[in-house]
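Structure incoming, see below.
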Amino acid sequence: MPPIAYLESVRSHHRLSADTPRTLDPDTQESLYVRYDMDALRRTAHRDNPARYAAASPRSLGMWRYRDVLPDAEPVTLGEGWTPMLQSKRYPGLLIKEEGANPTGSFKARGLGLAVTMAKHYGLQHLAVPSAGNAAGALAAYAAAAGIAAHLYMPQDVPFANYLEGIVYGADVHMVDGLISDCARLLGEQIKAQKAANLPAAETWFDISTLKEPFRVEGKKTMGYEVAEQLGWTYPDAIFYPTGGGVGLIGMWKAFEEMEALGWMAAGSRRPKMYALQSTGCAPIASAFEQNQSASQFFQNAATFAAGLRVPKPYGDFIILEIVRQSGGRAIASTDEEILASILDYARHEGIFLSPEGAAATAAYDQLIAAGELSPSDRVVLFNTGAGLKYTDMTADAMRLRRPQSLPTSLPVGGIITPV
Ligand SMILES: Cc1ncc(COP(=O)(O)O)c(C=O)c1O
């Protein structure tokens, strides 16, 4: 595992040391990327390193198979990464990357797994996050595994599973009457108050909000390495990615830059078109894309059952938009009705229970196939970012489905177990 050479702010390219834990560039408030000595990496990181395939050490599995390009620290792992790539039954070119197979049932395990690994490395004892739900659940699990306290702020109407995760893993759970933006504000005030009260550093909470620390992007970049490796070190034509804060999209793009710099991709390989998919109930990126703007506007009255997409103003909006445009992709929003219809369609025809966020991607995919903008044979990797089973309450509500109140009279209770 390589040492971090420095942290680099995304726009100003300021270089900062990674010797102490950092959130944003203190001068510009920009996000920071992890940078390595690429000349050294070219000598030490090997794409086809057989050690990466050895099952002898559990650390050689999952996303840690890419430890040659991840920071040098002892992993806190629950088995995240190396998720299945499922061939669609109907579209020959469509591959569904099943991120619901991760620990805690979502791709958040990758980013939070690495963020908690680094927090432990730095000796941090309190981590805090505003979350649309799944990041909170993932932080709670990894913090428990690391013996670190987790403080979670999430909207009170998140899927019940996210609340339950927080409680089960023993986190400090704050349910907020508002959106993730309100959660971020309240958490910010709390940390400010702790600093004003001169709380000892060990007791001060460390904020690991999306794109406000460098390691969640670094963990999620493993999706980019994984897609390429699972396709025999080639790129797909397009990647469909449900976008809230956009960490995965940004992380994958970083992975592509690194893989190319390391010579892991054949010269002249064309990067995939990146599609950012949202719900019309909260579509800041899709709206900015449509209106040809370089950053998003705060999306008023955000409401969608795709809870992870309810991010009214992503911190890295300008980075997401830049990547989508540069790649020749698009940002598209589907209605919640279309998203629900897509959940049912893929469940019934593919056997895959999508998260509402994943179904925002399938809904857009089907729309582009129908419009002839994509062909069923185009090689597309579509991310189902979470397990549909984490959303039983939200999806059932969207379907107006209720548990039957009484059992049918033809099935007497106990009749099956107790012979008459
Ligand atoms: C299942 C799921 N998909 C997508 C997203 C959006 O992720 P990102 O912030 O990386 O865009 C989230 C965020 O909470 C999520 O939980």
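Is it true that Glu357 is modelled with pLDDT of 95 or more, over 19 Å from the mean Cα position of the chain (by Cα) and charged (D, E, K, R)?
Details: modelled with pLDDT of 95 or more: yes; over 19 Å from the mean Cα position of the chain (by Cα): no; charged (D, E, K, R): yes.
Considered against the rule, which asks whether it is modelled with pLDDT of 95 or more, over 19 Å from the mean Cα position of the chain (by Cα) and charged (D, E, K, R), Glu357 comes out as no.
Let me ask something else about it. It is to be established whether one or more residues within region 306-322 are among the basic types (Lys, Arg), under 25 Å from Met154 (Cβ atoms) and crowded, with 20+ Cβ neighbours inside 10 Å. Working first, answer last.
If we filter region 306-322 for residues that are among the basic types (Lys, Arg), which is where we start, we get 310, 313.
Next, only the ones that are under 25 Å from Met154 (Cβ atoms) stay: 310, 313.
In the following step, the residues that additionally are crowded, with 20+ Cβ neighbours inside 10 Å were identified as 310.
Yes: region 306-322 contains one or more residues that are among the basic types (Lys, Arg), under 25 Å from Met154 (Cβ atoms) and crowded, with 20+ Cβ neighbours inside 10 Å.
Here's something else I'd like to know. When you scan region 134-142, do you find a residue that is surrounded by fewer than 24 Cβ atoms within 10 Å (Cβ to Cβ) and out of contact with any Pro (no Cβ under 9 Å at 6 or more places or on another chain), even just one?
no
Can you name the residue in region 276-305 that is in a loop (DSSP other than H, G, I, E, B) and aromatic (Phe, Trp, Tyr) and is also farthest from Pro356 (Cα to Cα) among such residues?
First, the residues of region 276-305 that are in a loop (DSSP other than H, G, I, E, B): 280-281, 283, 291-305.
Those left that are additionally aromatic (Phe, Trp, Tyr): 298-299, 305.
Working: Phe298: 22, Phe299: 19, Phe305: 7 Å.
Among those residues, the one meeting the criterion is Phe298.
Hey, among the residues in region 46-65 that are under 17 Å from Ala101 (Cβ atoms) and not small (Gly, Ala, Ser), which one's modelled with the lowest pLDDT?
First, the residues of region 46-65 that are under 17 Å from Ala101 (Cβ atoms): 58, 61-65.
Subset that is not small (Gly, Ala, Ser): 58, 61, 63-65.
Details: Pro58: 46, Leu61: 78, Met63: 95, Trp64: 93, Arg65: 92.
Of everything passing the filter in region 46-65, Pro58 is modelled with the lowest pLDDT.
Restricting attention to region 256-285, and to residues there that are of a type in the set (A, V, I, L, M) and over 28 Å from Ser181 (Cα atoms), which single residue is surrounded by the fewest Cβ atoms within 10 Å (Cβ to Cβ)? Steps first, please.
Kept after step one, since they are of a type in the set (A, V, I, L, M), are these residues of region 256-285: 259, 261-262, 265-267, 274, 276-277, 283, 285.
Subsequent filtering for residues that are over 28 Å from Ser181 (Cα atoms) retains 259, 261-262, 265-267.
Numbers: Met259: 23, Ala261: 14, Leu262: 17, Met265: 18, Ala266: 10, Ala267: 6.
Within region 256-285, the match that is surrounded by the fewest Cβ atoms within 10 Å (Cβ to Cβ) is Ala267.
Specify which of the listed residues (Pro312, Pro242) is away from the ligand (no atom under 12 Å from the Cβ) and either under 19 Å from Asn384 (Cβ atoms) or touching a residue at least 60 places away in the same chain (Cβ under 8 Å) (or both). Break it down stepwise before answering.
Working: Pro242 fails: away from the ligand (no atom under 12 Å from the Cβ).
So the residue among Pro312, Pro242 that is away from the ligand (no atom under 12 Å from the Cβ) and either under 19 Å from Asn384 (Cβ atoms) or touching a residue at least 60 places away in the same chain (Cβ under 8 Å) (or both) is Pro312.
Still on this structure: Could you tell me whether Gly245 is surrounded by fewer than 19 Cβ atoms within 10 Å (Cβ to Cβ), among the small types (Gly, Ala, Ser) and in a loop (DSSP other than H, G, I, E, B)?
Numbers: surrounded by fewer than 19 Cβ atoms within 10 Å (Cβ to Cβ): no; among the small types (Gly, Ala, Ser): yes; in a loop (DSSP other than H, G, I, E, B): yes.
When the stated conditions are applied, Gly245 does not pass them.
Before we move on, is Ala115 out of contact with any strand residue (DSSP E or B) (no Cβ under 6 Å at 6 or more places or on another chain) and either within 16 Å of the ligand (Cβ to nearest atom) or of a type in the set (A, V, I, L, M) (or both)?
Values: out of contact with any strand residue (DSSP E or B) (no Cβ under 6 Å at 6 or more places or on another chain): yes; either within 16 Å of the ligand (Cβ to nearest atom) or of a type in the set (A, V, I, L, M) (or both): yes.
Considered against the rule, which asks whether it is out of contact with any strand residue (DSSP E or B) (no Cβ under 6 Å at 6 or more places or on another chain) and either within 16 Å of the ligand (Cβ to nearest atom) or of a type in the set (A, V, I, L, M) (or both), Ala115 comes out as yes.
Out of region 75-97, which residues are buried (at least 19 other Cβ atoms within 10 Å of the Cβ) and either under 20 Å from the mean Cα position of the chain (by Cα) or not in a loop (DSSP other than H, G, I, E, B) (or both)? Step through it out loud before you land on a result.
Step one: filter region 75-97 for residues buried (at least 19 other Cβ atoms within 10 Å of the Cβ), giving 75-77, 80-81, 83, 88, 91, 94-97.
The answer is Pro75, Val76, Thr77, Glu80, Gly81, Thr83, Leu94, Leu95, Ile96, Lys97.
Which residues, counting only those in region 222-239, are without any contact (Cβ under 8 Å) to a residue 40 or more places away in the chain and among the aliphatic types (A, V, I, L, M)?
Within region 222-239, just Ala228 meets the criteria.
Could you look through region 276-300, keep only residues that are touching a Pro at 6+ places or on another chain (Cβ under 9 Å) and without any contact (Cβ under 8 Å) to a residue 24 or more places away in the chain, and pick out the one that is nearest to the ligand (Cβ to nearest atom)?
For region 276-300, the residue satisfying everything is Phe299.
Is there any pair linking a residue in region 110-136 that is farther than 26 Å from Tyr225 by Cα to one that is among the small types (Gly, Ala, Ser) and surrounded by fewer than 24 Cβ atoms within 10 Å (Cβ to Cβ), with Cβ under 6 Å and at least six apart or on different chains, and which?
Every condition considered, the pairs that remain are Gln125/Ala202; His126/Ala149; Pro130/Ala184; Pro130/Ser209.
The values are calculated or read from the model by the stated rules, or taken from the named source; none is laboratory data. The structure presented is a predicted model; accordingly, all values stated were derived computationally and were not measured. All Cβ positions, glycine included, derive from the backbone under ideal geometry; neighbour counts span all protein chains shown.
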